[in-house]
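The values are calculated or read from the model by the stated rules, or taken from the named source; none is laboratory data. Because the structure is predicted, anything quoted here is derived from the model rather than measured. As a convention, Cβ positions derive from the backbone with ideal geometry for all residues, glycine included, and neighbour counts pool all protein chains shown.
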Amino acid sequence: MTRIARIGGGIAALAAICMAGAPALAQPASNTLRWVSDSEPANPNPYYNALREGVILGFHVWDAPTYRDPATGEYRPHLAESVRLVDNQTIEIRMREGIVAHNGETVDARDVHATVQYMTNSANRVVSLNRVSWVQGSELVDNRTVRLRMTPNFGPWQEYLTSLLIMPRGTLTGTGGDELGRHPVGTGPYRVTEVAPGRQIVMERFDRYFGGAKGQAQIARLVFRRVPEQNTRVAELLTGGVDWIWRIPPDQARNLQRRRGVTIVSGGTIRFHYLQMDSAGRTGTEANPFRDIRVRRAMNHAIDRAGIVRNLVGEGADPLHTPCHPEQFGCVQDGVTQYAYDPDRARALLAEAGFPNGFEVDMAAYRERPWGEAIIGNLRAVGIRVNLNWTQYDAFQSRVRQGQVRLAYGSWGSTSLYDAAASTSYFFGGSPDDLNRDPEVIAALERADGSTDPAVRREAYGQAMRRISEQAFWVPLWTFPLTYGFNSQLEFTPAADEVPRFYRARWKP
């Protein structure tokens, strides 16, 4: 067992369950893996949700031209037989022969072309914008060859090509995003056989799968369900109702590791948590405290990042000072402004800004509620009274994009992409999720994303990081460790990109 993070406080009822008898472990016999999580995408199609569970479904049901090996970081051909950069704006993809989609269609370059044409069409209202926003169009050369036209000199093209999931062209004719979600069809190692919103999504191993860089799946059937309550998820694992859970608080993990038949592992990810503030005035400029840099700096000084990490988030997490994960390319740390936990300084800044008694504000949030409540307690201590608006992620994202959220507590996994273009550029490059719209930051990020020279990219990202931190446009919070619990008869290895690859798991003989 790998290390387990620490957290204060236990749950007596759960501890009592943990000391009971061994769970019923029946699923290896049926070669089925049942996994649950606290969230469920409203639309399982990866272009129509940005939820982590949707990313995971995308890895199992769909494929991209290339694949990033989670162990080595190597980019490997997958749907593609070969990929080459023709010029600073053109990628040429030569597709494998003999790829079959779940509906029996043969998949080739025409499907890549159709996917790009469909997903870059604004009328189709794609939600996961970072999957396609870097592609400007495509040109079909022949049935096996397609050329993608991208933003000139788009530096992280190799990383982003791994997230361009290809849809069979027949599914894109005369249909919309909702229909793509109701009847998902891909080329991946698993095919969807049931979508029952609010109940379950069932996937069966696709026996005609070509293998590629992912390889052939060993487990025959995956069943996904949303179970909102943490204690219920743990109880189902203990009683054999499910085989795999994650996001286990460390106090529960300590109890679970004493259980026969349950394996607990933990490790870091590239996910991080943050607070967004509407400095651009998208919710209106009148009585908007976040237009004032002193208020934004007060927010940064008010949050006890280290204390919350130590007492709640647990070992494996680190306080964060940049709007990206330090392991992502371009997440420059040098010269960024760091805000020490200093409630007195926060109060003084609020007074200077004309808020000696603080102010009241609504905060939208959707996950890790205890951590959000700890943030609210920190802010209340300096006079900022926060009303928590708890919602599902789809509603959260929609309200942010429509300019209806003044303060947001969120979590970001960058669609498992190891580049600051997937985090900093996403939130500060003028996208619908950008609550700051700072011209200097946008210009720096355009230079960073628009170069294939790593040195140029790092310099431009560094300029953006320093500007964002100096202006306190965000409150970066902490990196995010994950703890998993699963049936001990399951062979499963977690990856730092926060994607459980069930197609690489298997039941022990």
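Brief remarks on what is shown
- Checked against the criteria, Arg271 counts as in a strand (DSSP E or B) and of a type outside the set (Val, Ile, Thr).
- In the set (1) within 30 Å of Gln489 (Cα to Cα); (2) in a strand (DSSP E or B); (3) among the polar types (S, T, N, Q), Ser39 fails one condition alone, (2).
- Restricting segment 146-203 to residues that are free of Cβ contacts under 8 Å to residues at least 60 places away in the same chain and among the aliphatic types (A, V, I, L, M), the residue that is farthest from Thr66 (Cα to Cα): Ala196
- Residue, nearest to Ser425 (Cα to Cα), within segment 128-150, restricted to residues that are assigned to a loop (DSSP other than H, G, I, E, B) and in contact with a helix residue (DSSP H, G or I) (Cβ under 8 Å, 6 or more places away or on another chain): Trp134
- Subset of segment 281-330 [over 25 Å from Gln402 (Cβ atoms), basic (Lys, Arg) and surrounded by fewer than 19 Cβ atoms within 10 Å (Cβ to Cβ)]: Arg294, Arg310
- Being of a type in the set (A, V, I, L, M), touching a Gly at 6+ places or on another chain (Cβ under 7 Å) and not assigned by TED's automatic domain parsing to the domain that holds Ser423 is a description that applies to Leu165.
- Of all residues in segment 206-229, one or more are surrounded by fewer than 17 Cβ atoms within 10 Å (Cβ to Cβ) and at pLDDT below 95.
- For Thr171, the conditions (1) more than 26 Å from Asn130 (Cα to Cα); (2) surrounded by 15 or more Cβ atoms within 10 Å (Cβ to Cβ) all hold with the exception of (1).
- Residues located in segment 86-143, provided they are of a type in the set (Gly, Ala, Ser) and within 29 Å of the chain's Cα centre (by Cα): Ala101, Ala109, Ala114, Ser122, Ala123, Ser128, Ser133, Gly137, Ser138
- Residue selected from segment 72-110 under the condition more than 19 Å from Gly211 (Cβ to Cβ) and in contact with an Asp or Glu (Cβ under 9 Å, 6 or more places away or on another chain), by the criterion surrounded by the most Cβ atoms within 10 Å (Cβ to Cβ): Ala109
- Of everything in segment 331-350 that is crowded, with 17+ Cβ neighbours inside 10 Å and not in a helix (DSSP H, G or I), the residue that is nearest to the chain's Cα centre (by Cα) is Cys331.
Residue-wise test of (1) within 30 Å of Arg149 (Cα to Cα); (2) assigned by TED's automatic domain parsing to the domain that holds Leu275; (3) in contact with a strand residue (DSSP E or B) (Cβ under 9 Å, 6 or more places away or on another chain).
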| residue | (1), (2), (3) |
| --- | --- |
| Gln402 | yes, yes, no |
| Trp412 | yes, yes, yes |
| Leu435 | yes, yes, yes |
| Glu446 | yes, yes, no |
| Ala496 | no, no, yes |
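- Flag if Gly281 is within 24 Å of Asn389 (Cα to Cα) and at pLDDT 95 or above: yes
- Segment 154-191 - residue that is in contact with a Pro (Cβ under 6 Å, 6 or more places away or on another chain) and not aliphatic (A, V, I, L, M) and, of those, nearest to Ala80 (Cα to Cα): Pro184
- Any hit, segment 174-186, residues being touching a helix residue (DSSP H, G or I) at 6+ places or on another chain (Cβ under 8 Å), in a loop (DSSP other than H, G, I, E, B) and within 24 Å of Gly430 (Cα to Cα): no
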